[in-house]
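Below: the structure, in structure tokens.
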Amino acid sequence: MTLPSRRDLLALGGAAGVALAFGRPLAAQSASPAALTAREAEVQLAPPAYPATRIWGYDGALPGPVIRVAQGGRVTRRLINDLPQPTSVHWHGLRIDNAMDGVAGLTQDPVAPGGTFDYDFVAPDAGTYWYHAHNRSAEQVARGLYGALVVEEAEAPEADRDEVLVLDDWLLDPQSGQIDADFLSRHSRSHAGRLGNLIATNGRHDHAIEVRRHQRLRLRLVNAANARIFQLALLGLEGRIVALDGMPLEAPAPVAETLLLGPGQRADLIVDVVAEPGEDAHLVRVERGEGFSQSRFPVVGVASRARRDAPVALPPNPGMAPPRLAEARPLRLEMSGGAMGRLDAAILDGRRRSFGQMVEANQFWAFNGTVGMTPTPLAELARGEPVRLSIRNDTAFPHAMHLHGMHFREIAADGTLGPLRDTTLLQRGETREIAFAADNPGDWLFHCHMLSHAESGMMTWLKVT
Ligand code: C2O
Ligand code: CU
């Protein structure tokens with residue numbers, strides 16, 4: 001068999017052109033978008049001594065299918081809701097049209113059981129993103145409604161393999177192995193969020209990938225957990241971070257001792273296998289000074305005698321000039337509340353309530369003294385306006401603040417601008433300044449990605465006109 005020559009391919013393209021010229025109406029030509037079905041499924045999450053766990057997954061898979069698209073390409077998916085609950089899909093970290101952002105109650109109506117919604121957008125930036133449910137998220141994400149979305153560079157960096165690793169923890173009933181259904185738990189809402197008792201990568205507690213010594217892997221890490229902060233290290237692997245939250249770093253940074261990944265955050269690593277054949281390399285999860293295998297990489301051979309040269313930086317994404325700090329509008333966000341906090345009253349549903357009354361309403365947190373979404377945004381910004389937002393975490397817990405639709409830069413203590421991010425992790429008592437140009441028009445959510453916190457007060461929004 002011979003492959004068609006380039007000339008033949010061009011000729012085929014021409015033939016397609018002729019068909020178009022016969023002029024069938026455009027609507028008839030565009031096939032309906034690929035389906036993305038949110039539905040119940042059973043997966044063997046816990047060790048084999050347990051029965052399968054009933055989850056909610058996209059196309060019944062855990063994680064949902066990896067959606068891959070070339071940079072500048074279009075993503076079209078018809079969400080089909082086969083769940084017993086209304087839902088929507090948010091495309092986390094993508095700078096897309098506001099109408100496609102998938103926030104039920106803000107950018108679209110929730111999709112009722114049996115209903116559909118067509119998502120259709122262009123992916124302007126290469127990198128590692130993810131999609132997840134954005135209605136009753138503390139429940140729906142905990143049940144498994146998420147997947148990775150990879151936007152490929154025109155020229156991919158040199159690597160032998162490209163692996164997506166979605167990290168999550170599951171709160172399972174230790175007897176039945178089923179998902180704990182107390183999604184409104186007061187404790188989760190008022191403390192560190194819903195933390196699981198089974199930790200997994202790509203839905204497996206014993207996740208493993210066979211590799212060879214001196215192989216180079218691109219690892220795309222996604223933290224899909226409701227609240228867990230993953231502290232990660234490498235063993236038998238040597239690597240550099242080339243991107244955070246999808247966006248390339250100007251210079252690859254060595255994975256120092258550990259890498260912190262808050263809920264919603266991503267990190268792209270380029271790692272070389274340095275363990276010997278017969279050994280296991282690991283992505284290590286560090287908890288209270290102890291290491292656990294988050295993913296195991298059994299070394300089954302040798303790929304090459306020598307290691308490769310250090311990886312180079314990924315090409316930057318378009319239109320990411322640093323914001324003009326001198327002209328930036330100052331904004332502030334004071335985070336308060338929660339257990340062991342010092343909030344004694346806040347505005348809830350337009351009325352001043354004591355903390356005790358908030359607790360009765362199962363609401364625990366406030367932004368600038370107000371609980372949850374308000375009819376008016378935190379700020380109304382002109383398109384392109386530079387903003388400098390100071391966030392103070394005056395609570396006893398860490399929070400991962402996520403801005404929809406735009407990336408920002410963390411301002412370092414010395415005033416320099418850090419890497420682009422869409423989610424920033426604030427430890428208890430910490431203050432962080434971020435800066436960005438409000439260049440994407442629409443209504444954009446700004447909330448804690450500890451999803452139980454978001455649903456008990458930590459949610460606001462920005463309007464870009
Ligand atoms: Cu990844 Cu508003 O969420
Ligand atoms: Cu939080």
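The values are calculated or read from the model by the stated rules, or taken from the named source; none is laboratory data. Everything numeric in this text was worked out from a predicted model, so none of it was measured. With ideal geometry, Cβ positions are generated from the backbone for all residues, glycine too; neighbour counts draw on all protein chains shown. What goes into the accessible areas is simple: the full protein's heavy atoms, side chains included, and nothing from ligands, DNA or RNA. Shrake-Rupley method; radii C 1.70, N 1.55, O 1.52, S 1.80 Å.
The table below lists the values:
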item: The range 157-212 versus the range 263-282: alpha-carbon centroid distance in Å; result: 18
item: In order through the range 138-153: 3J(HN,Hα) via Karplus (6.51 cos²θ - 1.76 cosθ + 1.60), integer Hz, x for Gly, Pro; result: 4, 8, 5, 6, 5, 7, x, 7, 7, x, 8, 10, 10, 9, 8, 5
item: When the chain is reduced to its Cα atoms, the Kirkwood hydrodynamic radius in Å; result: 23.4
item: Surface accessible to a 1.4 Å probe, per residue, for the residues of the chain, Å²; result: 43
item: Under DSSP loop assignment and at most 16 Cβ neighbours within 10 Å, longest trypsin sites (Lys or Arg not before Pro)-free interval of the chain; result: 1-287
item: Accessible-area order (highest first, 1.4 angstrom probe) of the listed residues 107, 431; result: 431, 107
item: Mean separation of Cα contacts under 8 Å, 6 or more apart, over the residue count of the range 161-302: relative contact order %; result: 28
item: Area accessible to solvent at residue 245, 1.4 Å probe radius, in Å²; result: 0
item: 67, 347, ranked by accessible area, largest first (probe 1.4 Å); result: 347, 67
item: Length-normalised contact order of the range 325-464 in % [C-alpha pairs under 8 Å, at least 6 apart]; result: 30
item: Paramagnetic reach from residue 256 (point 7 Å along Cα→Cβ, amide N under 19 Å) across the range 265-294; result: 266-270, 284-290
item: Whole-angstrom gap from the range 355-387 to the range 91-141, using each part's C-alpha centre; result: 21
item: Residue-by-residue Karplus 3J(HN,Hα) for the range 48-64, coefficients 6.51, -1.76, 1.60, Hz, glycine and proline x; result: x, 5, 9, x, 4, 9, 7, 10, 10, x, 6, 6, x, 9, 9, x, x
item: Whole-percent carbon and sulfur share, accessible surface of the chain, 1.4 Å; result: 52
item: DSSP beta bridges in the chain [antiparallel fraction, %, rounded to 5]; result: 75
item: Sites residue 410 and residue 362 - FRET efficiency at Förster radius 35 Å, r taken between beta-carbons, to 0.05; result: 0.65
item: Calculated [θ] (222 nm, deg cm²/dmol) that DSSP helices of n ≥ 4 give over the chain, each run adding -39,500 (n - 2.57); result: -2000 deg cm²/dmol
item: Phi to ³J(HN,Hα) by Karplus 6.51 cos²θ - 1.76 cosθ + 1.60 over the range 427-441, Hz, x for Gly, Pro; result: 6, 4, x, 8, 10, 9, 9, 10, 9, 7, 9, 6, 9, 10, x
item: Rel. contact order, % - alpha carbon contacts under 8 angstrom, at least six apart, the chain; result: 14
item: Separation in nanometres of the label points that stand 7 Å from Cα toward Cβ, at residue 205 and residue 312; result: 4.5
item: Area of residue 374 that stays accessible when all protein chains are in place (1.4 Å probe, Å², to 10); result: 40
